[in-house]
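*Asks:* The structure is given below, and queries will be raised subsequently.
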Amino acid sequence: MHRRDCLKTLAVLPFASAMNSLQDLHKTASTFQKTDKMPVLFVGHGSPMNALADNPFTQTLHQLGRDIRDRQPPRAVLVVSAHWLTRGTYVAVNERPETIHDFGGFPDELFAMQYPALGAPDVAQEVLAALPDAQPTDEWGLDHGTWTVLHHLFPEADIPVFQLSIDYGRPLTFHAELARQLQFLRRRGVLVVGSGNIVHNLRQSMPHFMQNNPAPHAWAVEFDAWAKQKIDQRDLLALAHYQQAGAAGPLAVPTPDHYIPMLYSLALAEADDDIRHAFEEVSFGGMSMRTFVVG
C-alpha cells in the first residue's frame, strides 16, 4: 500500500498562520473543566477494508463506541496513528481535517468514504502547551489509521478529532515518556486512541491475503501472546525492547511504525486502571488485530 506522497519526506512543516491564534486557543482550552477519567484505547486497525466490513472486529469497535458514550461522551478524540510519521513531533490544529486516502489498490467505494468530523484546535493547543518541543500544523488530516477506526467507534462523526504525529527517528522509550505527559487529557474529556498493529509484517502476510488464507504464522501467535503478557504486566521497558523477545520479535515488528501507537496507549495507564483485551486475533500470516482498553 502506498502512503500519501508527503510521507516520502517523513516531515510535515508547521504553518506560520497558526501561531497567530495559539494564544487565544490556549485561553479557551485552559478553561476546560475536569471530567471523570476517560479510558484509553489501542486498536489493531488492520486493512483499510475494515472500514467497509461488518465482522467481529468492527462489531467490537461499534460496541466500544457505545460503551464509551454511555460512560461519558468524549469532548474530543486524539489519535496516534501508525500512518503519520514525521521528524519532530507535530499536532494537527485543523478546524476541518480532510479524510486522507493514504493507500492504493482498493475499491472505489473505499476511496469515496469520508469522515467529516471537526478538528479540535482548542484541545490541540493544550497538547502543544504540555509538549514544548511539539509544533502545530494544518498540513495533515485524518489518515486511514484514524478514520477507518472512528467510522465504527463513532459513526456519526460528531466528536472533534485531531492527531499527534510519531517522531519516527526517536527510540521507543521516548514515545512512552512523551505519552505520560498527556495523562492530564484523560481528565479533560479527551479519548486517546493508539492505532496500529502489534504484529504487522506485510511481506509475510501478503501471500496469505492473496490466497484468502487466514491462518497465522506460529511466530506471529508467539509474539502476540508475549506482548499481551507484557501489556498486562505494564512492562513498557520490555515492550520497548521487543527484539529481546527472541526470533519472533524482528519478524513480528520488522519496522516499529505500527507498534509504537501501542506504547502510547499503555503509557497512559494509571495504577488503578484495569486493562481489558476487547478483541484478540492473529490472522493472515503476520497480522495481529489485538485491541485493548485501559481504564
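*Asks:* Of all residues in segment 63-87, which are of a type in the set (D, E, K, R) and more than 21 Å from residue 133 (Cα to Cα)?
*Replies:* 66, 67, 69, 70, 71, 75 - these are the residues of segment 63-87 that are of a type in the set (D, E, K, R) and more than 21 Å from residue 133 (Cα to Cα).
*Asks:* Name the residue, out of 248, 252, 225, that is without any contact (Cβ under 8 Å) to a residue 60 or more places away in the chain, among the small types (Gly, Ala, Ser) and open to solvent by 50 Å² or more (accessible area, probe 1.4 Å).
*Replies:* Testing whether each residue is without any contact (Cβ under 8 Å) to a residue 60 or more places away in the chain, among the small types (Gly, Ala, Ser) and open to solvent by 50 Å² or more (accessible area, probe 1.4 Å) leaves just 225.
*Asks:* Go through segment 47-83 residue by residue and tally those that are open to solvent by less than 10 Å² (accessible area, probe 1.4 Å), of a type in the set (Gly, Ala, Ser) and modelled with pLDDT under 95.
*Replies:* 0
*Asks:* Quick one: which helices (runs of 4 or more DSSP H) lie wholly within segment 227-282 and hold at least 2 residues that are more than 26 Å from residue 58 (Cβ to Cβ)?
*Replies:* 236-240, 248-252
*Asks:* Let me ask another. Which of (1) over 24 Å from residue 167 (Cβ atoms); (2) of a type in the set (Val, Ile, Thr); (3) open to solvent by less than 30 Å² (accessible area, probe 1.4 Å) is the odd one out, the single condition residue 275 does not satisfy?
*Replies:* Residue 275 satisfies all of (1) over 24 Å from residue 167 (Cβ atoms); (2) of a type in the set (Val, Ile, Thr); (3) open to solvent by less than 30 Å² (accessible area, probe 1.4 Å) except (3).
*Asks:* Please indicate, with yes or no, whether at least one residue in segment 271-278 is basic (Lys, Arg) and under 27 Å from residue 86 (Cβ atoms).
*Replies:* No - not one qualifying residue is present in segment 271-278.
*Asks:* Quick one: in segment 189-206, which of the residues that are small (Gly, Ala, Ser) and in contact with a His (Cβ under 6 Å, 6 or more places away or on another chain) is surrounded by the fewest Cβ atoms within 10 Å (Cβ to Cβ)?
*Replies:* Filtering segment 189-206 for residues that are small (Gly, Ala, Ser) and in contact with a His (Cβ under 6 Å, 6 or more places away or on another chain), the one surrounded by the fewest Cβ atoms within 10 Å (Cβ to Cβ) comes out as 196.
*Asks:* Does any residue of segment 210-218 turn out to be part of a helix (DSSP H, G or I), surrounded by fewer than 17 Cβ atoms within 10 Å (Cβ to Cβ) and modelled with pLDDT of 95 or more?
*Replies:* Taking every residue of segment 210-218 in turn, at least one turns out to be part of a helix (DSSP H, G or I), surrounded by fewer than 17 Cβ atoms within 10 Å (Cβ to Cβ) and modelled with pLDDT of 95 or more.
*Asks:* Output the number of the condition that residue 238 fails; it satisfies all remaining conditions of (1) touching a Ser or Thr at 6+ places or on another chain (Cβ under 8 Å); (2) open to solvent by less than 40 Å² (accessible area, probe 1.4 Å).
*Replies:* With respect to (1) touching a Ser or Thr at 6+ places or on another chain (Cβ under 8 Å); (2) open to solvent by less than 40 Å² (accessible area, probe 1.4 Å), residue 238 is out only on (1).
The values are calculated or read from the model by the stated rules, or taken from the named source; none is laboratory data. Everything quoted here is computed from the prediction, not taken from an experiment. Glycine also receives a Cβ, built like all others from the backbone with ideal geometry; neighbour counts cover every protein chain displayed. The area values use the complete protein model at the heavy-atom level, side chains included, leaving out ligands, DNA and RNA. Shrake-Rupley method; radii C 1.70, N 1.55, O 1.52, S 1.80 Å.
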